Amino acid sequence: MDITAEDRFAIQDLYARYCQTVDRGDAEGWAETFTEDGKRIYDDNPGVPGRAGRTYTGRDELVTMQSVPRKLRVRHWHGLPVLTDKGDYLESVVYGMVVDISQDPPAVMAHFTYTDELVRTADGSWRMRSRASARDYLKI
């Protein structure tokens, strides 16, 4: 499939919705960035208690996982994705970070490399079929 400029903008918008819904605590909106059978896969050190090595599959599990109250005020940020056509999906490799905004100045809490499987839905929008994260270790 050809990856058009419109596709790239739509995927950037998808990532913006992902970040903003998770930061607002909007579990339903966050889960909407995935397909109905979407998967969120965590590595062995995701930085969030209880998620190490876990995979959450399907809308109900995704909503439940994101419905846990958060103690910290954070912002999630994505870089620009590198997109590769894999036939029935696009592979996206994108850097992301989590910034603690409860302090001044804000501080980077974590940095990740995300590998996503992106699919176009019947209505033409893009969703994540799968998102796997690998936490990069920050040396301070």
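The values are calculated or read from the model by the stated rules, or taken from the named source; none is laboratory data. Fair warning: this is a prediction, and the values are worked out from it, not measured in the lab. All Cβ positions, even for glycine, are placed from backbone atoms using ideal geometry, and neighbour counts span all protein chains on display.
If D43 satisfies all but one of (1) acidic (D, E); (2) at pLDDT below 95; (3) farther than 17 Å from A134 by Cα, what's the number of the condition it fails?
Of (1) acidic (D, E); (2) at pLDDT below 95; (3) farther than 17 Å from A134 by Cα, only one is false for D43: (3).
For A5, work out the one condition from (1) among the aliphatic types (A, V, I, L, M); (2) surrounded by 15 or more Cβ atoms within 10 Å (Cβ to Cβ); (3) modelled with pLDDT of 95 or more it doesn't fulfil.
Just one mismatch for A5, condition (2).
Which is among the basic types (K, R) and touching a helix residue (DSSP H, G or I) at 6+ places or on another chain (Cβ under 7 Å), of R59, R54?
Working: R54 fails: touching a helix residue (DSSP H, G or I) at 6+ places or on another chain (Cβ under 7 Å).
That would be R59, the only listed residue that is among the basic types (K, R) and touching a helix residue (DSSP H, G or I) at 6+ places or on another chain (Cβ under 7 Å).
I'd like the residue in region 91-134 that is acidic (D, E) and surrounded by 13 or more Cβ atoms within 10 Å (Cβ to Cβ) and, out of all such residues, is farthest from D43 (Cα to Cα).
Filtering region 91-134 for residues that are acidic (D, E) and surrounded by 13 or more Cβ atoms within 10 Å (Cβ to Cβ), the one farthest from D43 (Cα to Cα) comes out as D100.
Might you check whether a residue that is under 13 Å from the mean Cα position of the chain (by Cα) and of a type in the set (G, A, S) occurs anywhere in region 37-53? First the steps, then the outcome.
We begin by selecting, within region 37-53, every residue under 13 Å from the mean Cα position of the chain (by Cα); these are 38-42, 46.
Filter again for of a type in the set (G, A, S), leaving 38.
Yes - at least one qualifying residue is present in region 37-53.
Look through region 61-82, keep the residues that are assigned to a loop (DSSP other than H, G, I, E, B) and without any contact (Cβ under 8 Å) to a residue 40 or more places away in the chain, and return whichever of them is nearest to R24 (Cα to Cα). So that I can check it myself, show each step before the final result.
Step one: of region 61-82, the residues assigned to a loop (DSSP other than H, G, I, E, B) are 67-73, 79-81.
Checking the rest, the ones that are also without any contact (Cβ under 8 Å) to a residue 40 or more places away in the chain come to 68, 71-73, 79.
Values: V68: 12, K71: 12, L72: 12, R73: 9, G79: 20 Å.
Checking each candidate, the answer is R73.
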